Amino acid sequence: MKTPDAPRTTGTFPVKRGLAEMLKGGVIMDVVTAEHAKVAEDAGAVAVMALERVPADIRRDGGVARMSDPEMIEGIQAAVTIPVMAKARIGHFVEAQILQSLGVDYIDESEVLTPADEAHHIDKFAFTVPFVCGATNLGEALRRISEGACMIRSKGEAGTGNIVEAVRHLRAIVGDIRKLGQADSAELFGWAKQLQAPLPLVQEIAETGWLPVPLFCAGGIATPADAALAMQLGAEAVFVGSGIFKSADPSPRAKAIVEATTHFRDADILAKVSRGLGAPMTGIGMDELDQHYADRGW
Amino acid sequence: MGTPAGSPAGSTADAVGVLALQGAFHAHELILRRLGVLARQVRTPDDLAAVTALVMPGGESTTMSRLLGTSGLFAPLTERIAAGLPVFGTCAGMILLATEVLDGRPDQRSFAALPITVRRNGFGRQIDSFETDLAVSGLDRPFHGVFIRAPRIVEVAPEVEVLAQYDGEAVLVRHGRVMAASFHPELGGDTRVHATFLRTFLDPIPQEN
């Protein structure tokens, strides 16, 4: 009865996209220490993003923000059993090669770090590890998918604790997906030109009514209500950066955001989990910002 | 459909639930719908009371374990499974059903409904995730299996039926009305493994593929 097993293939689109599928309905939390990572896992995070400074601190400190120290990433990998993600600079394919060598589970080619290339993003097909990329609109999302991204997230405005930009980006992406569904086949050529995106991807979305990869929300989530808002607008999971560990009491807030992401349409549960969480991060208004990270990426 | 055991007295519902606390629940719903089955998301005890079978999707088992507690689903679901509710767990769902979990968290909840031992992330990290063809008992053609940071079944009690193996280890098992896979039959659009699950408790279902 024993026949040889079929060979296994790694790094394919279904395998890369598959992990994004498993993260749906979950919260991915930014952590800077192994201790933070444990708090995140205890609270029910589906994954952690290992980085040296949360975006709010990158904003405050200024200077060049780069990939984290491998030692710090390995410390976090050793501390938790859930997937560990890490950030590479836009276009910095060597940082990505190093992160793959460390065995991180997902790479975020992120506008929060200082871009390394002002014209090109990383060729993500060249990697076994999957990539997530930020987008502010549908055209940007489709360009990233055409480069091999297997998950798209809104950029929002990281480190501000202000949800307004993430809402703008989600509405832009989901709104244009809806409009593509109404377009006739001739109009899709015009759409591809306007979006500066490959025609086959535009046609696929018109046909299926959704992106070929999951759409998550990032940038500015600070409360359980923010997470539920992103989910009701069409996000399939959320990233929380500074919003947890820059708040007065991280652990209860992290747990509440996890519950709010699961029960995002149930206002009674949202009311219950929003009680008594202490002060959220203070946050920044968009007119107070001197640097908009969302403008990075092309 | 008949009236499967495990459904609450007086229930007229004939829906298959998909545990929707976190994970790949939407992909399971799409497969069930293609098989002509009414699929319903389950997040609360009320949702659970309205279904006659349950699929537990892949995702993070530590996250689901926590949310099973906060949502109040753990106790009623344990009772329903003991009363014969048909359950199909994939990946993290399989971990929740196993009697023994290695490399889990000490506080991780389990329904202990399937006498197998599983090792979390037993196939490694995401860069080791893979796809391959599997020979599955009862299917005439290979089933394409996608393994994502997959748990490994390291021990199977003699009474458990092994429906598929890879590298000499079980990857699809069944015991009574509980079935579990270490791979993801919901990814890829092939309905045959779900059809096998439904056949264990439903009248003949529409054939596909």
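Remarks
- Taking the stretch B:150-166 as the range and being touching a Phe, Trp or Tyr at 6+ places or on another chain (Cβ under 7 Å) and open to solvent by 20 Å² or more (accessible area, probe 1.4 Å) as the test, only B:Arg152 passes.
- Sole residue being out of contact with any Gly (no Cβ under 9 Å at 6 or more places or on another chain), open to solvent by 40 Å² or more (accessible area, probe 1.4 Å) and without any contact (Cβ under 8 Å) to a residue 40 or more places away in the chain, chosen from A:Leu188, A:Leu199, A:Leu229: A:Leu199
- Odd one out for A:Arg168 among (1) basic (Lys, Arg); (2) open to solvent by 10 Å² or more (accessible area, probe 1.4 Å); (3) touching a residue at least 60 places away in the same chain (Cβ under 8 Å): (3)
- Here the strands (runs of 3 or more DSSP E) wholly within the stretch B:15-99 that include at least 3 residues being more than 11 Å from chain A (Cβ to nearest Cβ) and among the aliphatic types (A, V, I, L, M) are B:15-19, B:51-56.
- Criterion: in contact with a Pro (Cβ under 7 Å, 6 or more places away or on another chain), open to solvent by less than 20 Å² (accessible area, probe 1.4 Å), touching a residue at least 12 places away in the same chain (Cβ under 8 Å) and not β-branched (Val, Ile, Thr) - qualifying residue of B:Leu114, B:Leu134, B:Leu85: B:Leu134
- Residues of the stretch A:237-265 that turn out to be charged (D, E, K, R) and crowded, with 17+ Cβ neighbours inside 10 Å, as a count: 4
- Residues (under 23 Å from A:Thr128 (Cβ atoms) and out of contact with any helix residue (DSSP H, G or I) (no Cβ under 7 Å at 6 or more places or on another chain)) located in the stretch B:104-126: B:Arg119, B:Asn121, B:Gly122, B:Phe123, B:Gly124, B:Arg125
- All helices (runs of 4 or more DSSP H) inside the stretch A:1-88 with 1 or more residues being at pLDDT below 95, buried (at least 17 other Cβ atoms within 10 Å of the Cβ) and more than 14 Å from chain B (Cβ to nearest Cβ): A:55-61
- Within the stretch A:236-257, if we keep just the residues that are touching a Pro at 6+ places or on another chain (Cβ under 9 Å) and of a type in the set (A, V, I, L, M, F, W, C), the residue that is nearest to A:Arg59 (Cα to Cα) turns out to be A:Ile244.
The values are calculated or read from the model by the stated rules, or taken from the named source; none is laboratory data. Every value quoted in this text rests on a predicted model; they were computed, and no experiment measured them. Heads up, the Cβs are rebuilt from the backbone with ideal geometry, glycines too, and the neighbour counts pull from every protein chain shown. Note: accessible area is taken over every heavy atom of the protein model, side chains too, but ligands, DNA and RNA are not part of it. Shrake-Rupley method; radii C 1.70, N 1.55, O 1.52, S 1.80 Å.
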